[in-house]
Amino acid sequence: TDVRELELRDAAAELGVRFLESFDYPDGALERVEEVEEVRDRFLGDVVRCLRSHQPQVVVTFGPEGAYGHPDHKVVSRLTVQACTLSGDPTAYELESLALGIAPWSPSKLYFQTANTMTTESLQLPPQPPITTRISIRGFEEAKLRAFAHHRTQTQEWEPLRKFVAGQGDTEVFSLVGAAEGLAEDDLFHGI
């Protein structure tokens, strides 16, 4: 287990996350994962297996812009979107699923994490997906900052991240993939 994974586990524990699965891919070099077909297929297979095993109703990932433009986040976004489609396809990763005794599964909803206009403009972020869903996190802002503070080896990104969190305030915003224009939700599980 490397230092960054331990930091992630500490951050998750700070928030009360009971389950965390991490994959063994190079931090800061996920663009190379997409370049090698076998590695890309393994990455997709790992995410498909995770989706089929845990059967989430809702999946949240980075937007295509990679939140603040981070190359790894862009790759995670693209491959998660593909994996959500593949996880419901009975012919995709069929042998692995049979061996593990897991059935195809499609999440009901896929969301991109996004940012409000003020945060996007003040931090000069790449264009963000449209906001469809606003979730109040009032009372949890400090816990969120404490969780981010566990990522000690990523201190070069701390100040922009702190500004991002502060700019979002007490509301997390998301974009439902494929939503009709004008959708306004306050619950990721709305309609499920």
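Condition first: in contact with an Asp or Glu (Cβ under 6 Å, 6 or more places away or on another chain) and not in a helix (DSSP H, G or I). Now tell me which residues in region 20-45 satisfy that.
Ser22, Phe23
Could you pull out the residue among Val17, Val48 that is β-branched (Val, Ile, Thr) and touching an Asp or Glu at 6+ places or on another chain (Cβ under 9 Å)?
Answer to the check: Val48.
With the requirement that a residue be over 16 Å from Ala149 (Cβ atoms) and touching a helix residue (DSSP H, G or I) at 6+ places or on another chain (Cβ under 7 Å), what does region 1-25 give you?
Once the filter is applied, which keeps residues that are over 16 Å from Ala149 (Cβ atoms) and touching a helix residue (DSSP H, G or I) at 6+ places or on another chain (Cβ under 7 Å), region 1-25 yields Leu20, Glu21, Ser22, Phe23, Tyr25.
Output the helices (runs of 4 or more DSSP H) that fall wholly within region 46-142 and possess 3 or more residues being within 18 Å of Phe164 (Cβ to Cβ), or say none.
On the way: elements: 66-69, 71-86, 94-100, 117-122.
Ranges flagged: 66-69, 71-86, 117-122.
Answer with yes or no whether Pro104 is touching a Gly at 6+ places or on another chain (Cβ under 7 Å) and surrounded by fewer than 20 Cβ atoms within 10 Å (Cβ to Cβ).
yes
Anything in region 23-40 that is surrounded by 14 or more Cβ atoms within 10 Å (Cβ to Cβ) and either under 29 Å from Leu176 (Cβ atoms) or at pLDDT 95 or above (or both)? List them, or say none.
Tyr25, Leu30, Val33, Glu34, Arg40
Just to be sure before I move on: is Thr153 of a type in the set (Ser, Thr, Tyr), in contact (Cβ under 8 Å) with a residue 24 or more places away in the chain, touching a helix residue (DSSP H, G or I) at 6+ places or on another chain (Cβ under 9 Å) and surrounded by fewer than 17 Cβ atoms within 10 Å (Cβ to Cβ) in the structure I sent?
The answer is yes for Thr153.
The values are calculated or read from the model by the stated rules, or taken from the named source; none is laboratory data. For clarity, every value in this text was computed on a predicted model and none was experimentally measured. A quick note on method: Cβ atoms are made from the backbone with ideal geometry, for glycine too, and the neighbour counts reach across all protein chains shown.
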